[in-house]
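Take a look at the structure below.
The values are calculated or read from the model by the stated rules, or taken from the named source; none is laboratory data. Everything quoted here is computed from the prediction, not taken from an experiment. Methodologically, a virtual Cβ is constructed for each residue, glycine included, from the backbone with ideal geometry; neighbour enumeration extends over all protein chains shown.
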Amino acid sequence: MTGAIRAVILTVSDRCSRGDAVDTSGPTLALLAIKHLRAEIVHKECLADDVAALSKFFVNWSQPAHSVDLILSTGGTGLAPRDITPEALRTVMHREHAGLMDLSRLRCLQKTPRTFLSRGIAATIHQTLIITLPGSPRGCSEMFEAIADILPHAIETLRGDVRDDGRPELGATSHSDSISSTGRVIHHKD
């Protein structure tokens, strides 16, 4: 991968935003992003469950000028009446990526069927991937770790660094046709 993954961490919590509780999920996600992705955390913030504020945050940090590859949010994805993080993202997203969260839930099912209570979504705005995760440290950790292995390839693809994943059946006509603009070919076992 060319350059470190630049990530932003957002905690969505009425209580934490008021100072009535200490945010433990945001710092947990930041550490996991550093551990699994060697990410550079460029910004961390805590906001209340408010559609307008969350939408504005997603749009702002996805602007190309910030060069942010990944926004990880924690909180607001459950069934409580104020859990509106997916709805906020849907108002501003360019493209949804349902398969990413489907994979996360499927891989977490072995630990608990409660993973399917999370309504979290993944989407893109410009070249930024946004993933909305549960609010508990355990929930956000498990769901993030379930997909951490494929996030570098997803981000490379969003950056435009991958033209071909190296499978001959995709039609590369010569060696140079199967190399991405960074010189990297992604080879899959399947």
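Go over the candidates Arg15, Arg82, Arg6 one by one and state the one that is of a type in the set (Lys, Arg), within 15 Å of the chain's Cα centre (by Cα) and either modelled with pLDDT of 95 or more or surrounded by fewer than 21 Cβ atoms within 10 Å (Cβ to Cβ) (or both). Let's see the steps before the verdict.
Values: Arg15 fails: within 15 Å of the chain's Cα centre (by Cα); Arg82 fails: within 15 Å of the chain's Cα centre (by Cα).
Answer to the selection: Arg6.
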Check your understanding: Among the listed residues Met93, Met143, Met101, which satisfies the condition of being buried (at least 19 other Cβ atoms within 10 Å of the Cβ) and closer than 18 Å to Ala39 by Cβ?
Key -> Met143
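For the stretch 38-69, how many residues are in a helix (DSSP H, G or I), among the aliphatic types (A, V, I, L, M) and under 22 Å from Arg18 (Cα atoms)?
Of the residues in that region, 4 qualify.
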**Study point:** Asp69 being out of contact with any Pro (no Cβ under 7 Å at 6 or more places or on another chain) and more than 13 Å from Ile130 (Cα to Cα)
**Key:** no
Review point. Wholly within the stretch 71-161, which helices (runs of 4 or more DSSP H) include no fewer than the required count, namely at least 2 residues that are among the polar types (S, T, N, Q), over 19 Å from Phe57 (Cβ atoms) and touching a strand residue (DSSP E or B) at 6+ places or on another chain (Cβ under 9 Å)?
Key: none
Practice item. Within the stretch 131-144, identify whether any single residue is in contact with a Cys (Cβ under 8 Å, 6 or more places away or on another chain) and without any contact (Cβ under 8 Å) to a residue 60 or more places away in the chain, and answer yes or no. Key: yes
Revision key, fill the gap. Residues of the stretch 124-135 being on the phi < 0 side of the Ramachandran plot and more than 8 Å from the chain's Cα centre (by Cα), in sequence order, are Thr124, Ile125, Gln127, Thr128, Leu133, Pro134, Gly135
Check your understanding: Just to be sure, is Thr173 among the polar types (S, T, N, Q) and either surrounded by 13 or more Cβ atoms within 10 Å (Cβ to Cβ) or at pLDDT 95 or above (or both)?
Key -> no
Exercise for review: Out of Glu96, Glu87, report the one residue that is modelled with pLDDT of 95 or more, under 20 Å from Arg159 (Cα atoms) and charged (D, E, K, R).
Suggested key: Glu96
Study note, to complete from the structure: The number of residues in the stretch 1-15 that are closer than 16 Å to Leu89 by Cα and assigned to a strand (DSSP E or B) is 5
Study note, to complete from the structure: The one condition His66 fails out of (1) surrounded by 19 or more Cβ atoms within 10 Å (Cβ to Cβ); (2) on the phi < 0 side of the Ramachandran plot; (3) not aliphatic (A, V, I, L, M) is (1)
